[in-house]
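Contents: one structure, followed by commentary.
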């Protein structure tokens, strides 16, 4: 193992900002900011559809505001294999719904409220993610 | 008011993801590349978010109410079952394949690229497919 590209400060500050969003959503609307749940409810349920849509739109506006501040392009590097991207998207969609959460729902909100279920889920998807990268490799 | 809270929370969340570079799939894959060129940054994102939010989750255990809702909605499931492990494993494989999970995938739509769009469309298709398992 070799440690590279490590940016603990910006990661920590970004994390604090994400935490503030989670707090606002929780004390304001009384809900946990799990993105897969919000996105799934947006397509699957008529209840609060506009609210869920607005959260999703907000997620897209966030980076746009950031780019105005830094006046630079936001780095985005991904595989150019569309079949792999579609495969990954399907697995993330099915997996987060069957497992009841993603990085935000289980990894942040779940661990934050000391849910053992979320701790187990988070360890599971990080481990399977590490094994997948071990086999497929990075970009 | 709920609508404004949803929008503003989404904006702050997306902003935080960008500050921490989690919108970059290469950065996320770096975290999962434990046995190669490891980038531990993602752990710091999670720690930062958990430190800030954790104290507030315990409000729901007292008799307090949210500012603009009747009650807190907290998932009741406590069981650690095969569905949890199976689903989280599928998610981990998808996440490790390209480096995108739901939040960063949606935020990266701001960068107007076809890769994010293809991922999002398949992810929503996956949500619908999951109804077979559930």
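Taken together, the values in this text are just the output of simple stated rules run on the coordinates, not laboratory data. Given the structure is predicted, the values throughout are model-derived calculations rather than measurements. Don't worry about glycine lacking a Cβ; one is built from the backbone with ideal geometry, like all the others, and counts go over all protein chains shown.
Data overview
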{"quantity": "Solution diffusion estimate, µm²/s, Stokes-Einstein, segment B:2-133, Kirkwood Rh from C-alpha pairs, 4 °C, viscosity 1.567 mPa s", "calculated": "75 µm²/s"}
{"quantity": "Cβ neighbours within 10 Å from other chains - mean over B:71-80", "calculated": "5"}
{"quantity": "Reciprocal mean inverse distance between Cα atoms of the protein assembly as shown - Kirkwood radius, Å", "calculated": "18.0 Å"}
{"quantity": "Cα-based helix-to-principal-axis angle, B:82-98 vs chain B, degrees rounded to 10", "calculated": "50 degrees"}
{"quantity": "Relative contact order (percent, whole number), segment A:16-123, Cα cutoff 8 Å, 6+ residue spacing", "calculated": "31 percent"}
{"quantity": "Shielding score for A:67-74, defined as the mean number of other chain Cβ atoms within 10 Å", "calculated": "2"}
{"quantity": "Burial ordering of A:59, A:32, B:84, B:125, fewest other beta-carbon atoms within 10 Å first", "calculated": "B:125, B:84, A:32, A:59"}
{"quantity": "Packing-based exposure ordering (other Cβ within 10 Å, fewest first) of A:132, B:82", "calculated": "B:82, A:132"}
{"quantity": "Top of A:116, A:84, A:20 by mean-square fluctuation, Gaussian network on chain A, Cα under 10 Å", "calculated": "A:84"}
{"quantity": "Alpha-carbon centroid distance for the pair segment A:31-106 / segment B:102-134, whole angstrom", "calculated": "7 Å"}
{"quantity": "Protection-proxy order for peptides B:107-115, B:27-35, B:95-103, each taking the mean of Cβ atoms within 10 Å per residue, highest first", "calculated": "B:95-103, B:27-35, B:107-115"}
{"quantity": "Modelled FRET efficiency - R0 25 Å, residue B:1 with residue A:46, Cβ distances, 0.05 increments", "calculated": "0.80"}
